[in-house]
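Trainee: Structure provided below as structure tokens; questions to follow.
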Amino acid sequence: MQTSGWQKIKEAQKAAIEVLLHNAHGSYHGLPRTAGWGYPEPYTRDLMFSIFGIGMSENQKLMESIRKVLETLAANQTSRGHIPSLVHDKEDRGSSDTTPLFLLSVGIFRKVTGELHFLRDAVRKALTWMEFQSPSDRYLVAQQPTSDWRDEQWMTGYGLYVNTIVYSYLRLLDQHERADMMLKEINKFTIKGGAQPRHVYEGFMIKNKPYYAFWTYKIHSSERFDLLGNSLAILSGIASPSRAEKMISWIEDECAGMVKRRELAVDLPPNFFPFIKPEDPDWLPRYKLYNMPGEYHNGGIWPFVCGLYVAALVAAKKYKLAGEKLVALTQIIKNSISGNTEFGFNEWIKAQNGKARGQDWQTWSAALYLYAAKCVEDKETPYFDKIRNYSIESRLK
């Protein structure tokens, strides 16, 4: 990468720290804000993802803010182990990804601080809760529609994204026997046809395609592409190195096609594609209000997701491509709604024109930019390098 490119990245890294420090103390019990101005609430999933960047920032104020978040979540955990959707509100329940993200974040926090028994009782309860989220009483966990970070997108059953988080926390928390079995289940094929064979369990592999299904349940599944779930599959080693390489080539080819069709205006992949359109069978009337093609969860470009894609490229040893995508990410995080900041670290970008459409100074946008830049600079993926090694060892058994 040219020196000028690195200079812009360093400027963006400095700005990301400023955003995180600004958001570190909010109006709800002194907990961090989700965004600089638009979202004063401490949303659990956003703050859990922020530990990716905060954990390697070496900033003690930020680490103490995350400690407070984790301790507050543990205090507001339900008696059965579920983690609330808002850090400060124990009655705000029902999210499918908050408990897995809590477990993953505690695992990362323990690795960074060396506090190996941090929140031991809360972790034990949360692990038990997650075991009861499997309808088959096996390893894959299921969820209700719109219960994960995509609160305006319908999916049901076993979602790829949530299960990649579960697999990752199992490795970080040394739950290797369960992780080994989960790895095998994820890498089974989805089931197609009129009936489900007895004692044959569904997985996420799709025949003749290099990526994993968006969701699957019994004989039903979606073959639309989920960038977040598949990036985490590469990072965690769920995807083998050969599958990761094929997947990345497929993503880049598909994005080139979208650019030609004027569906994509920047050099970064949308969070989800192909977009769901009004004439498609999986279109819902509510999408017209909140989830139009190329927008929000239906193909918007999310900087935090793109940060994890950059990290996945590093995990796959695609260092040149990772650097190119980091430069592209550095460009889009300058976009803002207000126009009053040099770096907007916006929530999401409209795919067709590259314009900012969400809230500025989003905590997870800033944090995952830091993480992506660190991965590219060091050619490593903190927290996930060891997880991938476990995945390789599991395949050799």
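Read-outs: derived from the displayed coordinates by stated rules, not from any lab. Note that the structure is predicted; figures quoted are calculated from it, not measured. Here the Cβ positions follow ideal geometry from the backbone for every residue, glycine too, while neighbour counts run over all protein chains shown.
Trainee: With θ set to phi - 60° and the Karplus curve 6.51 cos²θ - 1.76 cosθ + 1.60, what are the ³J(HN,Hα) couplings of region 139-155 in order, to the nearest whole Hz, using x for Gly and Pro?
Mentor: Values, residue by residue: 10, 5, 9, 10, 8, 8, x, 6, 9, 9, 5, 8, 6, 10, 9, 8, 8 Hz.
Trainee: Going by how many other beta carbons lie within 10 Å of each one, how would you line up Ile219, Ile333, Ile83, fewest first?
Mentor: With the fewest neighbours first, Ile219, Ile333, Ile83 line up as Ile219, Ile333, Ile83.
Trainee: Can you list the trypsin sites (Lys or Arg not before Pro) in region 196-237 that are in a DSSP coil and have 10 or fewer other beta carbons within 10 angstrom?
Mentor: For trypsin sites (Lys or Arg not before Pro) across region 196-237 that sit outside H, G, I, E and B with at most 10 neighbouring Cβ atoms in 10 Å, the list reads Arg198, Lys207.
Trainee: Here's another thing I want to ask about it. How big is the dipole moment of region 38-180 about its Cα centre under a simple scheme where the beta carbon of each Lys and Arg is +1, that of each Asp and Glu is -1, and everything else is neutral? Debye, nearest 20, please.
Mentor: Result for region 38-180 is approximately 320 debye, rounded to the nearest 20.
Trainee: Further question: Which residues make up the longest stretch of the chain clear of GluC sites (Glu not before Pro) that lie in a DSSP loop with no more than 15 other Cβ atoms within 10 Å, not counting the sites? Don't skip to the answer; put the middle values down first.
Mentor: Working: sites that count: Glu58, Glu91, Glu115, Glu152, Glu223, Glu279, Glu342, Glu380.
Looking at the chain, 153-222 is the longest stretch - no exposed GluC sites (Glu not before Pro) with at most 15 other Cβ atoms within 10 Å.
Trainee: Further, regarding this structure: At R0 = 22 Å, how high is the FRET efficiency between Leu284 and Lys355 if r is their beta carbon distance? Nearest 0.05 is fine.
Mentor: 0.35
Trainee: Sort all Cα-Cα distances of region 330-396 into consecutive 5 angstrom bins from zero, then give the percent of pairs in each bin up to the one containing the longest distance.
Mentor: 3, 16, 20, 16, 12, 11, 9, 6, 4, 2, 0
Trainee: Next up: For Thr341, what charge total do you get from the other residues with a beta carbon under 11 Å from its beta carbon, if Lys and Arg give +1 and Asp and Glu give -1?
Mentor: Working: positive: Lys334; negative: Glu18, Glu342, Asp360.
So the surrounding residues net to -2.
Trainee: Which whole-number percent of Cα pairs in region 10-112 have a distance greater than 16 Å? Present the calculation step by step, with values, prior to reporting the outcome.
Mentor: On the way: 2773 of 5253 pairs.
Tail fraction, whole percent: 53.
Trainee: Order by neighbour count: Val162, Val112, Val123, fewest other Cβ atoms within 10 Å first, most last.
Mentor: Val112, Val123, Val162
Trainee: In sequence order, what are the phi-derived ³J(HN,Hα) couplings for region 383-391 according to the Karplus relation 6.51 cos²θ - 1.76 cosθ + 1.60 with θ = phi - 60°, rounded to whole Hz, with x for glycine and proline?
Mentor: Values, residue by residue: 6, 9, 4, 5, 4, 4, 4, 4, 5 Hz.
Trainee: First select every other residue whose beta carbon is under 9 angstrom from the beta carbon of Gln362; then total the charges, Lys and Arg +1, Asp and Glu -1.
Mentor: Numbers: positive: none; negative: Asp46, Glu347, Asp360.
Around Gln362, the surrounding residues sum to -3.
Trainee: Please state, as a whole number in µm²/s, the translational diffusion coefficient that the Stokes-Einstein equation yields for the chain at 20 °C and 1.002 mPa s, with Rh defined as the Kirkwood radius across alpha carbon pairs.
Mentor: 102 µm²/s
Trainee: Quick one: among Ser65, Ser57, Ser242, which has the greatest mean-square fluctuation in a GNM of the chain with alpha-carbon springs under 10 angstrom?
Mentor: Among Ser65, Ser57, Ser242, the largest mean-square fluctuation in the Gaussian network model of the chain belongs to Ser242.
Trainee: Rounded to the nearest 0.05, what FRET efficiency is calculated for Lys184 and Gln133 with R0 set to 25 Å and r the Cβ-Cβ distance?
Mentor: 0.85
Trainee: To the nearest 20 Debye, how big is the dipole of the chain about its Cα centre, given +1 on the beta carbon of each Lys and Arg and -1 on that of each Asp and Glu?
Mentor: 740 debye
Trainee: Follow-up. Please list the non-local residues whose amide H lies under 5 Å from the amide H of Leu86, H modeled 1.01 Å from N, same-chain partners needing a gap of 5 or more.
Mentor: It is Thr44, Asp92, by chain and number.
Trainee: Only Cα pairs within less than 10 Å get springs; with that Gaussian network setup on the chain, which residue of Ala122, Ala265, Ala16 has the largest fluctuation?
Mentor: Comparing Ala122, Ala265, Ala16 in a Gaussian network model of the chain, the most mobile one is Ala265.
Trainee: Beyond 32 Å between alpha-carbons counts as too far, so tell me which of Lys8/Lys207; Lys10/Lys277; Lys355/Lys379; Lys14/Lys318 fall in that bin. Write out the running numbers ahead of the final one.
Mentor: Working: Lys8/Lys207 42 Å; Lys10/Lys277 39 Å; Lys355/Lys379 30 Å; Lys14/Lys318 25 Å.
Those over the limit are Lys8/Lys207; Lys10/Lys277.
Trainee: Can you list the residues of region 104-120 with backbone N under 18 Å from a point 7 Å past the Cα of Glu380, pointing along Cα to Cβ?
Mentor: 108-115
Trainee: Can I ask one more? Taking 35 Å as R0, compute the FRET efficiency from the Cβ-Cβ separation of Asn59 and Ser79 and round it to 0.05.
Mentor: The pair Asn59/Ser79 has a calculated efficiency of 0.50.
Trainee: Take Lys218 and Gln7, extend 7 Å from each Cα along the Cα→Cβ direction, and tell me the distance between the two endpoints in nm.
Mentor: 6.2 nm
Trainee: Picking from Trp302, Trp154, Trp364, which is most flexible by a Gaussian network model of the chain using Cα springs under 10 Å?
Mentor: Trp154
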